[in-house]
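What follows is one structure encoded as structure tokens, with my remarks underneath.
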Amino acid sequence: LDHDEVEVVKKTWNEVKNKETEILAAIFKEHPDIQNKFPMFAGKSLDQLKSSQPFSLHATRIVSFITQYISLLGHDETQPAVKTILNEMGQNHRNRGVTKQQLEEFGSSLMKFMKEHSSWNDKAEHAWHDAMDKMYFVIFSSL
Ligand code: HEM
């Protein structure tokens with residue numbers, strides 16, 4: 001990602017990153033199979049879950065993870081450390097039986113959410129595509 005791409009990813013992420021529960025709810029709504037991989041959320045009504053503490057805690061964990069990844073984009077010196085956290089995430093999720101397809105679904109729901117809640121344009125779309133590809137390239141190698 002070049003400098004401009006990194007900037008547009010950071011700018012648009014800053015516009016949505018405080019909507020943690022809305023983001024996770026949008027993903028679960030489109031993909032109940034993802035919700036059902038969570039023993040504590042499986043089969044529960046999304047409307048009730050949304051206002052629960054475990055749900056917001058988990059939404060915050062995921063969003064913070066992505067925030068961390070994004071904050072290190074463009075810092076070449078940190079890339080070995082970034083690879084390490086992404087590989088760990090891949091291993092943890094492999095152990096939980098999460099599939100590549102579910103991660104792709106997660107990614108497309110996240111993009112759709114960004115499109116609807118940030119100052120999105122073709123440049124942002126392209127930059128996000130690259131940023132997600134780069135993240136998943138490492139995660140998938142451990143999944
Ligand atoms: C934790 C499932 C995608 C980041 C977890 C947990 C489950 C899970 C079951 C453990 C929850 C607990 O018992 O506390 C899934 C499924 C996904 C998915 C089914 C389908 C796409 C993602 C993505 C990210 C992410 C895309 C970030 C980019 C995390 C983090 C944790 C976590 C940071 C907490 C640390 C850990 O226990 O590994 N996930 N996850 N997850 N997930 Fe995911």
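Things to note:
- Extension gain, residue 92 to residue 50: 0.36 nm times the residue separation minus the Cα-Cα distance gives 12.7 nm.
- Pairs from 19/100; 10/100; 83/112; 10/123; 100/134 whose Cα-Cα separation, in the structure shown, is over 20 Å: 19/100; 10/100; 83/112
- With both labels modelled 7 Å from their Cα along Cα-to-Cβ, the residue 105 to residue 14 distance reads 3.4 nm.
- Hull volume in cubic angstrom per residue (convex hull over the Cα atoms of segment 1-40): 96
- The alpha-carbon positions of the chain define a convex hull whose volume is 100 Å³ per residue.
- As a fraction of the 1.4 Å probe accessible area of the chain, surface on carbon and sulfur atoms comes out at 52 percent.
The values are calculated or read from the model by the stated rules, or taken from the named source; none is laboratory data. Not measured: the values here are computed from a predicted model. Positions of Cβ are generated from backbone atoms using ideal geometry, with glycine treated the same way; all protein chains shown enter the neighbour counts. When the accessible area is computed, the model is the full protein with side chains, heavy atoms only, and any ligands, DNA or RNA have been set aside. Shrake-Rupley method; radii C 1.70, N 1.55, O 1.52, S 1.80 Å.
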